[in-house]
Each structure stands twice: as C-alpha cells, then as structure tokens.
Amino acid sequence: ETSPSTLVQTCAFAKAKKISMYNMNNFVIGADTVVVLDKTIMGKPRNTKESREMLGMLSGKTHKVFTGVSIQNINKNVNELFYSMTEVELHSFSDSIVEYYIKNYEPYDKAGSYGIQDWFSSQIKKIDGCYYNVMGLPLSKVFKCLYDLSMNNIND
C-alpha cells in the first residue's frame with residue numbers, strides 16, 4: 001500500500017521527467033495533488049456521480065491534502081523532490097449545496113472534487129497548513145527550494 005506522500009511525489013516526478021526529457025536545459029516543475037479522508041485517497045472525479053460521492057464523504061469532516069513537487073533540470077543535474085500536507089476542516093453541507101457546486105463550478109479537474117479558491121471556500125471551516133498547497137502548489141516550499149538552488153550557484 002503506497003502512502004499518499006509517496007504517491008504524489010512519484011506522480012510529480014513522472015510529470016516533470018516527461019517534460020524535462022525535451023527541455024534538458026530548463027528548470028521543470030511537476031506537481032500532483034490528492035485529497036485523503038481517513039485511508040481513502042481521492043484524485044479527480046471522472047463524472048458527476050464521483051464528484052457527488054467525494055463531496056458527500058468530505059462534508060463535516062477534516063481531511064488532508066497532499067501535494068508532491070518535483071523540480072528537475074537534467075543538464076544541471078537538479079532533481080529535487082518533496083511534498084506538503086495541509087489539513088482542511090469542512091462544514092457540514094447539504095445535498096443541494098453539492099448539486100449547486102457541481103452544476104456551477106464543474107470540479108472535475110480538482111482532487112477531492114473541490115477548489116479552495118472558488119465558491120467552495122464558503123464551506124471551509126478551518127485549514128491548518130499551506131493554503132496554496134490545497135490549490136495544488138505549495139508556493140513557499142517551491143520558492144525556498146528554488147532559492148536554495150540559486151544560492152548554491154546552480155544557475156551559473
């Protein structure tokens with residue numbers, strides 16, 4: 001059984017590698033995000049039914065959002081890999097809220113079937129950790145990694 005942190009890092013690495021192979025002199029950032037409730041890993045819903053199921057499971061509960069990040073530059077031999085985790089507590093919400101959200105925001109490209117940055121933010125009770133991680137890219141960790149690489153004269 002693969003842990004969520006390993007899963008997102010593996011996927012982020014594969015995404016970045018695919019692009020790096022054709023851009024060997026450039027820095028490439030790959031990222032992958034999943035939502036985890038108890039032991040259930042949720043990716044992107046494939047349809048309205050899955051979206052409804054995911055949102056229904058998340059209602060009134062606290063879940064974790066994991067994002068894996070891979071920063072690669074083949075010619076400079078850069079291969080950084082890390083993840084970030086944020087806890088998100090949701091209010092309990094009704095089926096009519098779920099239907100409204102799916103109809104108006106079509107959350108099929110979002111892990112866990114919601115976007116923290118859109119209307120769904122009205123259903124968030126509390127977050128513990130990086131907000132941008134829930135959006136899909138933990139900006140402060142990415143910046144720190146790139147900054148540390150630049151301080152190590154990787155860009156010379």
Practice task
Would you mind computing, in nm to one decimal, how far apart the modelled labels at Ser3 and Asp128 are, each placed 7 Å from Cα along Cα→Cβ?
Solution key: 1.8 nm
Problem - Cleavage-rule hits (trypsin sites (Lys or Arg not before Pro)) in segment 1-72: DSSP loop, at most 14 neighbouring Cβ within 10 angstrom - result: Lys39, Arg46, Lys61
Exercise for the section: Working with all protein chains in place, sort Met24, Met42 by solvent-accessible area computed with a 1.4 Å probe, largest first. Expected result: Met24, Met42
Fill in the blank from the handout: A 1.4 Å probe over the protein heavy atoms gives the chain a carbon and sulfur accessible-area percentage of 51 percent
Practice task
Determine the dipole magnitude for the chain: charges of +1 sit on the beta-carbon of Lys and Arg, -1 on that of Asp and Glu, nothing else is charged, the reference point is the Cα centre, and the result goes in debye to the nearest 20.
Solution key: 200 debye
Problem - Point-to-point label distance, Ser94-Asn26, nm (Cα→Cβ direction, 7 Å offset) - result: 4.9 nm
Completion exercise
Judged on accessible area alone, 1.4 Å probe, highest first, Tyr22, Tyr101 line up as Tyr22, Tyr101
Practice task
Would you check segment 31-122 for Lys pairs whose C-alpha atoms are within less than 18 Å, ignoring same-chain pairs closer than 8 in sequence, and give me the count?
Solution key: 8
Fill in the blank from the handout: Total charge of the residues flanking Gly129 in space, meaning their Cβ is under 10 Å from its Cβ, with Lys and Arg +1 and Asp and Glu -1, is -1
Fill in the blank from the handout: For segment 55-156, the Cα convex hull volume per residue in Å³ comes to 103 Å³
Completion exercise
Taking only Cα atoms of segment 1-106, the Rg to Rh ratio with Kirkwood Rh works out at 1.10
Exercise for the section: Determine the gain in length on full extension of the stretch Ser121-Asn152; use 0.36 nm per residue of separation and subtract their C-alpha separation, reporting nm with one decimal. Expected result: 7.3 nm
Handout entry: Average silhouette area of segment 104-156, convex hull of alpha-carbon atoms, in square nanometres
Key = 5.1 nm²
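The values are calculated or read from the model by the stated rules, or taken from the named source; none is laboratory data. This structure is a prediction, so every number in the text was calculated from the model and none was measured. As a convention, Cβ positions derive from the backbone with ideal geometry for all residues, glycine included, and neighbour counts pool all protein chains shown. When the accessible area is computed, the model is the full protein with side chains, heavy atoms only, and any ligands, DNA or RNA have been set aside. Shrake-Rupley method; radii C 1.70, N 1.55, O 1.52, S 1.80 Å.
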